[in-house]
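To start, the structure under review is shown below, and the notes come after it.
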Amino acid sequence: MPVRPCSGVRRMLTGAIAAAPLTACRGAIDQSALEPGSPQAAAVLDLWWFALAVAAGVYALTIGALFWALWRARRRARLGEALPHDEMRKKSIAVIGAVVATVVILLVFFSYDVSVSRTLRVPAAEPHLLVRVTGRRWWWKVEYPDSNPSRWVTDANEIHIPTGRPVLVELTSNDVIHSLWIPNLGGKKDLIPKYKDTLWFAANRPGVYRGQCAEFCGHQHAKMALHVVAHEPAEFEQWLAHSRQPAPMPGDSLTLRGKEVFLSGPCVLCHAIQGTPAGSRAGPDLTHLASRRTIAAGTLPNTKGNLAAWITDPQGVKPGANMPPNALSPGDLEALLAYLQSLR
Ligand code: CUA
């Protein structure tokens, strides 16, 4: 899978590239909780470093005490020394001290953890972008709600956001419990059937961040990924305006035949394409399929060959997925691919 993190490149090079990751590292994808791209992820990372430092200190002290006790016992045996009469009292004081220190450390962890959770939960004051994410087996339905239904955008497996603006992600599930985790942008949050939860983040810089399902949800849990694409605000508005448009009309006879194959075959039973009679919500909306980076929820790069493999033998790519195999004639497949690839 050509999903290579660009972070290594960015680390080797300096400022100029870091400021323009979308152009310099086009197609590169970040997935690391150690490189926060939002204030929320930075707060989680600070907590992680703090926990690591404290745990490392406690570990060093514990192992140090163990070696010191061993050394002292062997030395005492070598010299034939008797135990001092107040040994039990000293040991009791040491044990009580260790218990008190443990309780204090756990309380500090608990309070820090609660305070970070509050930071992640507090709604931002500025006008935010609302994105609704629904977990499905095994893909992500992504919606940008609008009071005007014709402006409502439905997408799949990619969340597009503007930089610098708080994003409120409303999470729910249609089947089992999933969990949304975009390590560069924030902590993980469960998607629970019949229950709505929310997650806030605001991307600091443009880029493509990989996220994945972090709760075992069945056969293809590992192939339930998504991308968050953070655009400059003006670029995001362009993207949103384009996404509100219906699918482009076929421009040639092959594409037109492909549209007919789509509308007369099994595809139409599960997928929607705005601007056509296809309106099923069982599978991902395909209105702008060709503009997505991957297919099958981050499983394959969105290329013609992969699309052909996915359409004809989805079970070979993602066993257990709801998409059935489609035995199309070579001519129909070619036309269908041409149509799907025209859906920009
Ligand atoms: Cu969805 Cu794991």
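Report, by residue number, each residue of segment 114-147 that is away from the ligand (no atom under 16 Å from the Cβ), at pLDDT 85 or above, surrounded by 13 or more Cβ atoms within 10 Å (Cβ to Cβ) and assigned to a loop (DSSP other than H, G, I, E, B). Listed by number, the residues that qualify are His128, Pro145, Asp146.
Of the conditions (1) within 16 Å of the ligand (Cβ to nearest atom); (2) not in a loop (DSSP other than H, G, I, E, B), Cys217 fails just one. Which one is it? Every condition holds for Cys217 apart from (2).
Filter segment 220-236 down to the residues that are within 12 Å of the ligand (Cβ to nearest atom) and part of a strand (DSSP E or B) and list them by number.
Of the residues in segment 220-236, the ones within 12 Å of the ligand (Cβ to nearest atom) are 220-226.
Scanning segment 220-236 gives Ala225, Leu226.
Thr102 meets each of the listed conditions (1) under 29 Å from the mean Cα position of the chain (by Cα); (2) surrounded by 10 or more Cβ atoms within 10 Å (Cβ to Cβ) apart from (1). The residue of segment 174-214 that is farthest from the ligand (Cβ to nearest atom), among those that are within 29 Å of Pro314 (Cα to Cα) and among the β-branched types (Val, Ile, Thr), is Val208.
Matching residues to (1) at positive phi; (2) modelled with pLDDT of 95 or more; (3) crowded, with 16+ Cβ neighbours inside 10 Å:
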site: Phe216; (1), (2), (3): no, yes, no
site: His221; (1), (2), (3): no, yes, yes
site: Val229; (1), (2), (3): no, yes, yes
site: Glu237; (1), (2), (3): no, yes, no
site: Ala241; (1), (2), (3): no, yes, no
site: Met249; (1), (2), (3): no, no, no
site: Leu254; (1), (2), (3): no, yes, yes
site: Leu263; (1), (2), (3): no, yes, no
site: Gly279; (1), (2), (3): no, no, no
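The values are calculated or read from the model by the stated rules, or taken from the named source; none is laboratory data. This is a predicted model, so every value here is computed, not measured. Using ideal geometry, Cβ is built from the backbone for each residue, glycine included, and neighbour counts are taken over all protein chains shown.
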